[in-house]
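This report refers to the structure that appears directly beneath it.
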């Protein structure tokens, strides 16, 4: 199932902001009622989490007079998906788009290259400082020759070396390896400087056949790359993946100055919340990867110095452009006084000593996409099909298994659970099934709920600071039996044998 770090802000009343106009007008009685301006936003990701905050800010700042319709999975799975998305927005197939800063030099825009210079932006605090600086306003006009308008930038996760064949700590570790990178000429040049062969690949593709990749922690966890690779260099941040928000030139020209200001202000207002979302997701996914046995490695000071010396040819190339050279110098100056951030790693990931037993039995409920969306506070068309339908849960001696069935999706999950007072935690062993949106549980996911059992109804509640998936909390679970049985689970998509005792 998909969990959301932050729901879209939905407003119940659609008002008209002074200065906003709309292409459509509806007559009501003797007057005219303006329809909200709806702008489509092309997003290559599998879900809208990274853009939910921006969309919510647009709706809030416009008092509902503007809405962002996020179109996810745009060119999903293609190697050069960001190039294709940029071209689609140029052609007017979407009003707005989002693409990583890394991708723009491959379509002829060089103004963002300093943001991805190797080992330059190495913390979330520095990325935040850079994205709030006047530099971003100087970079965005670089889109104009393509007939595009820059809106703003959002923070992204820090990318790290992930070794498959061996640990990637120092330059010699890269020699002769095939390292996967994602549509970035700067990343490719960096890998060549380290003695490796860069290979462009989409994040959804299997990494079998590669010797390592550059990737963020949440992607390693979500795509289960740790099934193939086992070595994450935790204290090496190669570069961040900030996102460029942009508009089709004709769409931008059709908006009023007030509407353009709302889009810019929404991007700026989402900087701090989105940075926190990225941090929180990285922390949660680090814990999951630790429980799955991934090795978090630390490069020595000598290794770090050697890496910086090895990538100097990349800087020599970048700084031939005077504008890029100035940006690199400005970023280096901004790093002064920014404290180093601790590298992610495996602390105490053991579960507390909870008990189990009083909740054993069989439970069921059925929910609709509209009911789930109301619980999430989001739009029904953004809900994965795996997150609603007919649910059956079996709790048995500290182990759980469930199945979910809908028209297109039929999924299963299983793991262990424990209870202490009114808290219940779940540790996922695995998940799978028929998943058209790819939203199944991943090994090592850890959920915590508050619970209440009254007259045969088990109700789950969220816990502050914990992951408490909303799709399990839409409705109370009806206790069908106090005797656990695997036979009640879906025959269409049953969990593997051995998911439950006996």
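The values are calculated or read from the model by the stated rules, or taken from the named source; none is laboratory data. Small disclaimer: the values here were computed from a predicted structure and weren't measured. Ideal geometry is used to build each Cβ from the backbone, glycine not excepted, and the neighbour counts take in all protein chains shown.
Among the residues of the range 68-91, those that are within 16 Å of the chain's Cα centre (by Cα) and in a loop (DSSP other than H, G, I, E, B) comprise 72, 73, 74, 76, 77.
Condition check for residue 89 on (1) farther than 30 Å from residue 315 by Cα; (2) touching a strand residue (DSSP E or B) at 6+ places or on another chain (Cβ under 6 Å); (3) modelled with pLDDT under 95: one failure, at (3).
Among the residues of the range 281-302, count how many are part of a helix (DSSP H, G or I) and either surrounded by 15 or more Cβ atoms within 10 Å (Cβ to Cβ) or over 15 Å from the mean Cα position of the chain (by Cα) (or both).
Just the residues of the range 281-302 that are part of a helix (DSSP H, G or I), to begin with: 281-291, 301-302.
Among the residues that remain, those that are also either surrounded by 15 or more Cβ atoms within 10 Å (Cβ to Cβ) or over 15 Å from the mean Cα position of the chain (by Cα) (or both) are: 281-282, 284-291, 301-302.
Selection size over the range 281-302: 12.
Of the residues making up the range 101-124, those that are modelled with pLDDT under 95 and under 20 Å from residue 50 (Cβ atoms) are 102, 103.
Highlighted here are the strands (runs of 3 or more DSSP E) found entirely within the range 128-202 that include at least 1 residues which are surrounded by fewer than 20 Cβ atoms within 10 Å (Cβ to Cβ), touching a strand residue (DSSP E or B) at 6+ places or on another chain (Cβ under 6 Å) and assigned by TED's automatic domain parsing to the domain that holds residue 304: 178-181, 197-200.
In this structure, does residue 94 turn out to be over 30 Å from residue 190 (Cα atoms), outside the structural domain of residue 182 (by TED's automatic domain parsing) and part of a loop (DSSP other than H, G, I, E, B)?
Working: over 30 Å from residue 190 (Cα atoms): yes; outside the structural domain of residue 182 (by TED's automatic domain parsing): yes; part of a loop (DSSP other than H, G, I, E, B): yes.
Here the answer is yes, as residue 94 does meet what is asked.
This table checks each residue for (1) assigned to a helix (DSSP H, G or I); (2) within 18 Å of residue 422 (Cα to Cα); (3) assigned by TED's automatic domain parsing to the domain that holds residue 416; (4) over 29 Å from the mean Cα position of the chain (by Cα).
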{"position": "465", "(1), (2), (3), (4)": "no, yes, yes, no"}
{"position": "468", "(1), (2), (3), (4)": "no, yes, yes, no"}
{"position": "471", "(1), (2), (3), (4)": "yes, no, yes, no"}
{"position": "475", "(1), (2), (3), (4)": "no, yes, yes, no"}
{"position": "479", "(1), (2), (3), (4)": "no, yes, yes, yes"}
{"position": "484", "(1), (2), (3), (4)": "no, no, yes, yes"}
{"position": "495", "(1), (2), (3), (4)": "no, no, no, no"}
{"position": "498", "(1), (2), (3), (4)": "no, no, no, yes"}
{"position": "501", "(1), (2), (3), (4)": "no, no, no, yes"}
